[in-house]
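The values are calculated or read from the model by the stated rules, or taken from the named source; none is laboratory data. Note that the coordinates shown come from a computational prediction; the quantities given were computed from them, not determined experimentally. Because the Cβ atoms are built from the backbone with ideal geometry, glycine has one as well, and the counts that use them run over all protein chains shown. What goes into the accessible areas is simple: the full protein's heavy atoms, side chains included, and nothing from ligands, DNA or RNA. Shrake-Rupley method; radii C 1.70, N 1.55, O 1.52, S 1.80 Å.
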Amino acid sequence: MTFGEQPAYLRVAGDLRKKIVDGSLPPHTRLPSQARIREEYGVSDTVALEARKVLMAEGLVEGRSGSGTYVRERPVPRRVARSGYRPAGGATPFRQEQADASVRGTWESSSEQTEAGAAIAERLAIRAGDRVMRTKYLFREGGEPMMLSTSWEPLAVTGRTPVMLPEEGPLGGMGVVERMRAIDVIVDNVTEEVGARPGLAEELHLLGGVPGHVVLVVQRTYFASGRPVETADVVIPADRYRVSYHLPVK
């Protein structure tokens, strides 16, 4: 193979991908069988199989038990808007994660005390093993799962206060900024880093994805006078949503 030449399985996958994108192979159409691919493209069974694996990994096709491989319907990506930590009129957890005021949604949550692992301890500037409150969220839009969030708050900040449990008490469900302000902790900065990775099995189960789907992960940390007071991982299905940032110019 000369420099720059694609392996045969990528050339086959590329041609099939083009047919899916341009509609020659519309959604719910059965993908040509391995034998058909082998004959049509003049390739080996191994190449045909690898080409199908590529399309499956890209989320363009899906296997149906006892039936074959079919072209998946591709959703039109919707927007998850993010605009920092000062949404107008206060923030619920849903509004905190989806700043587009036109989007309505609900959430489910559960909280438990646990020990901070090394990675979370570093993000919160505490020691590994220190106690934190971990809260897991499942957000829905129109009843459809749209994102997950797991947050960690150091109990050295919130322990034995009315806001120790994010979803209970007088400010339950009001978001990090409002809750921290109630205990005289003034959030004045937030950082977010966005990355992508294959979704974990338990994440895709909750979000309605299939193995191999990619998720976007927003790693967010709130600060008060330079001290981290909350950090979270927000997980968003990359095939259904795009993350849009609206940042003020100062």
- Task: Within segment 157-180, count every residue that is aliphatic (A, V, I, L, M) and open to solvent by 60 Å² or more (accessible area, probe 1.4 Å).
- Result: 1
- Item | Residue that is surrounded by the most Cβ atoms within 10 Å (Cβ to Cβ), among those in segment 32-63 that are more than 25 Å from the chain's Cα centre (by Cα) and basic (K, R) | R52
- Query: Which one is farthest from the chain's Cα centre (by Cα) among residues in segment 64-76 that are open to solvent by less than 50 Å² (accessible area, probe 1.4 Å) and either among the small types (G, A, S) or at positive phi (or both)?
  - Reply: S67
- Query: Tell me, which residue of segment 220-234 that is without any contact (Cβ under 8 Å) to a residue 40 or more places away in the chain and touching a strand residue (DSSP E or B) at 6+ places or on another chain (Cβ under 6 Å) is farthest from M146 (Cα to Cα)?
  - Reply: F223
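Kindly indicate whether V185 is assigned to a helix (DSSP H, G or I), touching a residue at least 12 places away in the same chain (Cβ under 8 Å), open to solvent by 10 Å² or more (accessible area, probe 1.4 Å) and closer than 14 Å to Y222 by Cβ.
No, not satisfied.
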- Residue satisfying condition, being open to solvent by 50 Å² or more (accessible area, probe 1.4 Å) and over 24 Å from G143 (Cβ atoms), within set V190, V194: V194
- Message: Restricting to segment 43-61, give me the number of residues that are part of a loop (DSSP other than H, G, I, E, B) and out of contact with any helix residue (DSSP H, G or I) (no Cβ under 9 Å at 6 or more places or on another chain).
- Response: 1
- Task: Within segment 124-133, identify whether any single residue is within 27 Å of H246 (Cβ to Cβ), in contact (Cβ under 8 Å) with a residue 24 or more places away in the chain, open to solvent by 50 Å² or more (accessible area, probe 1.4 Å) and out of contact with any Leu (no Cβ under 9 Å at 6 or more places or on another chain), and answer yes or no.
- Result: no
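Take the residues in segment 197-213 that are charged (D, E, K, R) and exposed (fewer than 14 other Cβ atoms within 10 Å of the Cβ), then tell me which one is nearest to V243 (Cα to Cα).
R197
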- Which one of T221, T231 is closer than 19 Å to W107 by Cα, open to solvent by less than 60 Å² (accessible area, probe 1.4 Å), modelled with pLDDT of 90 or more and polar (S, T, N, Q)? T231
- Task: Filter segment 226-250 down to residues that are in a loop (DSSP other than H, G, I, E, B) and over 20 Å from G175 (Cβ atoms) and give me whichever is nearest to the chain's Cα centre (by Cα).
- Result: A238
- Item | Identity of the residue in segment 1-25, part of a loop (DSSP other than H, G, I, E, B) and either among the hydrophobic types (A, V, I, L, M, F, W, C) or modelled with pLDDT of 95 or more (or both), that ends up surrounded by the fewest Cβ atoms within 10 Å (Cβ to Cβ) | F3
- Looking at (1) under 29 Å from E153 (Cβ atoms); (2) modelled with pLDDT of 90 or more, find the lone condition where A101 falls short. (2)
